[in-house]
Each structure stands twice: as structure tokens, then as C-alpha cells.
1. Take B:Asp191 and A:Ser261, extend 7 Å from each Cα along the Cα→Cβ direction, and tell me the distance between the two endpoints in nm.
2. Residue by residue through A:327-338, how many Cβ atoms from other chains fall within 10 Å of the Cβ on average?
3. Dipole size in debye (nearest 20) for the protein assembly as shown around its Cα centre, Lys and Arg Cβ +1, Asp and Glu Cβ -1?
4. What is the dipole size for the range B:3-281, taken about its Cα centre, with +1 at each Lys and Arg Cβ and -1 at each Asp and Glu Cβ, in debye to the nearest 20?
5. Mind running the shape call on the range B:3-281? Use the C-alpha gyration tensor, a ≥ b ≥ c as the square roots of the eigenvalues: rounded below 1.5 for a/c, prolate if a/b tops b/c, oblate otherwise.
6. Quick check on chain A: take the gyration tensor over C-alpha atoms, sort the square-rooted eigenvalues as a ≥ b ≥ c, and tell me if it's rounded (a/c under 1.5), prolate or oblate.
7. Using +1 at the C-beta of Lys and Arg and -1 at the C-beta of Asp and Glu, which of B:Thr79, B:Leu257, B:Ala243 has the Cα lying farthest in the positive direction of the dipole of the range B:3-281?
8. What residues qualify as long-range amide H neighbours of A:Leu291, i.e. H under 5 Å apart, gap of 5 or more or another chain, H built at 1.01 Å from N?
Amino acid sequence: MNHIAKPNDYTAYPDASGRFGDYGGRYVPETLMPLVHELDAAYRAAQADPAFHAELNGFLKNYVGRPSPLYYAERLSQHIGGAKIYFKREELNHTGAHKINNCMGQILLAMRMGKTRIIAETGAGQHGVATATVCARFGLPCIVYMGAIDVERQKPNVFRMNLLGAKVEAVTSGSSTLKDAMNEALRDWVTNVADTYYLIGSAAGPHPYPEMVRDFQSVMGRESREQILEVEGRLPDAVVACVGGGSNAIGMFHPFLNDDSVRLIGVEASGDGMGTPRHAAAINGGRPGVLHGNKTYLIQDDQGQITEAHSISAGLDYPGIGPEHAWLHDVGRAEYLTCTDKEALAAFQLCAELEGIIPALETSHAIARLPDIAKMVGKDGLIVLNMSGRGDKDVATVAQALGLQV
Amino acid sequence: MTKARIDARFNALKAEGRAAFVTYVMAGDPDYATALEILQGLPAAGADVIEVGFPFSDPMAEGPPIQRAAQRALSKGMTLNRTLELIADFRKTDQDTPVILMGYANPLVTPGYVAFARDAAQAGVDGLIVVDIPPEEADPLADALDAEGLSLIRLATPTTDDARLSIVIQRTSGFVYYVSVAGVTGVKEADADLVAPHVRRVRAASGLPVAVGFGIKTPERAAAIARVADGVVVGSALVDEVAAALAVNESVTARVLSKVESLAHAVRTARTSEPEARTLHGNG
């Protein structure tokens, strides 16, 4: 049932109906279909408008702090003893993660569309904080849906969102985590169709969201490509990123899709391990299905009920994955590895000790696979890892996992 | 053959000069045996068409009552296969009442549309509503249903303009479900005056009966909608009765069927009674 034909141009997707091979699409209630079409038309118009790009680039430069550096992680490279490892420093962005790249693009689009109320979903709170930030900057009311369990385990981010003027709605339906927050945001959108813009943070949801989020996040991959060519005079052998919904990974991968020599490696969260039911690895431990507006790999039981994902990292704790990743996996253009909670914790500490950078727990999953990837690319290999977020938000979680008190 | 059951029922009611009363219940809520007892009692209590929800873990268009109903059913091990068994059990005693399954795409993806359509037709299902499969994504499902003579019933909504309506009604049969409010099930209240012109518009475009649902909870409102539409759908108010009966340890079946009777009476007598007179009864 999965299409496995290799395309000539990987960047030519999605097609007009929002498909990446068999994945993607627009699986939303009829009430939302006119809105999804309206968004698609508005996005095409903005993409074709140089003034939109000029405005976006201005804010990315002066408000977000782009371009972010490409940094040679010398001590970590030496410690691993193989390839040269570079970090794309997205954790240095305003709000401390890559999420703001997409939020800035979408808020400008929302204002072009005349929308006056912004809603979003968040897991760890990073996308919620980034959305609250751009809403504060442009003076728009913001409601962030967050699973009640996540509200409890990410209190500092809830406080941050409140400081930024956003209202955080704790979601108690279903399993009270990110997937339920997304359900609740969709319920809000279907109820408030006239004035509300749904600012999705992941490269998932109904078309055109996966394409649009990817495009706004592709600034990371474009910069990385230029920067590595400048310092090393050649393309990297591997580009590595963690994958939950997959926005940081797809933004890094996309500008390299047609560079056949560059291996694209995503790392999914395997929680307690792939042999257990407690993981969040949709590709490695799920199968295709339909959720939240798109067809993609999902963690589900044999009856098609979505099961709860688990990861120590709230940002990866989602039972699905963006549809473009599902397709890149099936056609063999990208590889998807896994990393357990334990391995991520060790990588978190190692990176802090060797590089003076406290990475987000999400990012730590990608860091943990670097020794294996260094072996794949060999001694003279070049690796670019997306340092997608900073780990200050995670210190309490890490301390608890290590049995320490903050 | 099964499309015929829906058409026959709406034609008969049209001849009677009244709207259909369409009841929604969740398969397996609160358990298989009780759900079957409720289904078996629905026709005598006044249900003309029965919608049966098949539970899904992530029902994005449902309000709290149906979300909770799905959770209750899932916690008792309800599945799509068991839902079809439930319909087959119901068909042992009722060959005339149309049964429409309603739910979300993902449980159907697992068996595949073709296998599902075959099993559903065998169980005695007549039609299907899938909330998150809009016309743009519906062709593979519509092909599978067509092969078994099952109706794909579409939703038209307050956001459906005339251009969109022509897309919505493609490949639909049986009836069209008009969603009376922009929102989730069981929260906002439907306004018959606002709904009426949309019902006429959808009926004219599709040539099919139009049933109205979302936000109809009381006999008064059901009667008001019955005066302007070909069918009145009540769901959240019925599954709320399941929850209420469980909370006070009453008979779930008796409580649900009693609610159905009062709503059915309102629908059946709507066009022969004065709306002003009915409001004197207050909120039943």
C-alpha cells in the first residue's frame, strides 16, 4: 500500500492535493475544509509576494537573531573520535529553539489574512512560548492548548506563556497530553471559524500545514548548506536531527533532499525501549493511519485506536510524525533511528560537559546517536546536527531522572 | 440493496408528512449488552433512523458528551468489529430501520475500506458518515461503499457556500446531514430560523432529504427543526442520559428510551402543533 517509487525531484512535493506519495492530505471535518482552502490560497499568495519575504526576513534577522551560527563541536568530535561534528545553533534563537522560525512566518500570514485571534497547541511548551511571543509582539490575543499532564511537568513554560499574555488552557480530555491538546485546538478552530487562525507548530496537520511549516523551517537547512560549504568547501556526509512531529528535522533536511551524497538521519524517541509499549517512535514502532488532518505513521493498537506515546522529552511525546517524513522513510531518502530516555539523558550530560551547551532533551536524542553516525560516515566525514533547542527548560526533569534535587 | 432501506424510510415519512427522528448512540456505551438493549428498544421508542457511533480515541469534532461516551465504550473493549457484531445482533429483530455508522477514519484504515464495506454490508449497515474524510479524500472509500450498495452520507455545514456545496454532494446518497452550527457536537444550540434556508438550499442542490444535527437537545428545539428539515438528529442529549443514569445507578436503557420517546413525540407532532403552544411546556 505504500508507494516506493523514487522521484527525480524530492523537493517537488507535496502535490496540489497535499500528498507526499500516499501521505498527507486534508482529513478534517467539512466545517474546516473551506478554511483549509482559504489558508492554502493565502499561503500561495504570500509566497509569491516579495514584500512578505522582505518583512519575514527582517523579523528573522532583528527579532529572532538569524542567521544562527554553524559551530564546530571540537571536543565532542574528539571524544567520539571520528567525524567532524558541527552544530546548527538554533538554541541561540530568541525563545531558545527553532520553533520561532515557523511562528514568525505564520503570524505574518495570519495578519495578512485579517485573522484577529490565534490558537496553538503545545507539548513541552516550546511552541506555545514561541506562539505567545509573536502574539505579544504583534498584539494579538493567544490561546494555547496544553495537556493537563504537560502543564504540570512544564510549569516554567506555562508561567512564561502567561507572562507573554497568553491564556493557557489545560486539556483534560483523552490522555491529557499533546495529541489531546491538538484535538482541543481543532475543536476551538471548528467553533471559531470566522476570526481564528490555528498556528500549528509541527510539520503535521492538514495540507498546507506540513508544507508551510517545512518552508518556514527550511531557513535552517539553507543556512547550514551555505555555512558548511563556506567553512569546509563541501557538503556534509550526514545531517542529523531529532524527530517528534518533525519540524526541526524537515527544516534541516529539505534543502539537502536532492544532494544524493548527504545522508539524512532522523532520531525518534524510543522511551523505555522499542521492545516496550512506552515509546514515541511512530516510524519505527507504528503503521500508517489518519490523525489530526493527515495520513502518516501513527502509534496505534491493532484496532486503530491511537495509543499514548511516551518519552522523557515532552516535545517528542507525540504518537504521529509529519507526513513528509513518512514518505521520505518509505522511498528510502531519509533514515530513522531511535534513542531511549536513558541514552538521551547521558547525551544531555555529555554535551553540557564537553561543549558548555545544555541541549534540550529533544535534541539530546539526536546527540546520543552521533557515535553510530560517526562510524557510518568514517574518520573524514562531516556531520551537521541540528541543535534545535536549549535545555534550561529540562533541568528539573533531568534532575528528577538522575535522582537529584534542584 | 441497503441504500433502499434509507430511501424507503424517508419516502414513507414524506408521505406521512413528518420529519424523521434520527437517534445517535455510541456502540458499546456503557457496555455491549446494554447498548444492544438500547438499540433494540429505539424503534418502538420512536427512532426512525439509527446512527451508531463507532468509538475512536481522538474524536476531534465531538464535544464532551460524545468524547466521554467513546471513552466509556473503549474502556469496555469496544472495537469496530464488535460494533459490526452489535449491528448484526440488532438486525436479528429489526429488518426495516436504517442503521448508519458514524465515526472517524483511522479505525477504517486498519481493515481497509474494501474489507470494512463488505463486513458492514453483511452486518446490516446501510450507510456511513466519516467525520474526517471530506470529499477531497473520499474517493477510495466511496468506491468501496458503492461496491456494497452502502450510502456515503456527507456533512454540509454553515461554512459550506454554494460552490463548495456542489463538491460536498458529489457521490452522496441516502440523505445529507446538515451540521446546524459551526462547532463540535453538543455545545452550541441550533436555531431553526437560521437553519431553514440552508436546508432548502442543500435539498435543492442534492435532491436528497436533509437531516439536521449538532445542538438539538430539547423536545422544543427538536420540534422547531422538524418543521423545517426532513430529519432531526439527536446524539449528545442521549449519551448524556447514559452518563446520568450511570451516575445515579438507574437503568440506562429505560432512561435513554424515555428521553427518545419525549423527543420522538415532539418530532412526530411538530408539524401539526403550534410552536407557540409548545413553548408553554418549558424545557422538557
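1. For the pair B:Asp191/A:Ser261, the computed spacing is 6.6 nm.
2. Per residue, the average neighbour count from other chains is 0.
3. 720
4. Once rounded to the nearest 20, the dipole reads 440 debye.
5. Taking the square roots of the gyration eigenvalues as a ≥ b ≥ c, the range B:3-281 is rounded.
6. Rounded is the answer for chain A, as its axis ratio a/c remains below 1.5.
7. Result: B:Leu257, furthest along the dipole toward the positive end.
8. Sorted by chain and number, the residues that satisfy this are A:Thr296.
The values are calculated or read from the model by the stated rules, or taken from the named source; none is laboratory data. Note that the coordinates shown come from a computational prediction; the quantities given were computed from them, not determined experimentally. Ideal geometry is used to build each Cβ from the backbone, glycine not excepted, and the neighbour counts take in all protein chains shown. In case anyone asks, the SASA skips ligands and DNA or RNA and just uses the protein heavy atoms, side chains included. Shrake-Rupley method; radii C 1.70, N 1.55, O 1.52, S 1.80 Å.
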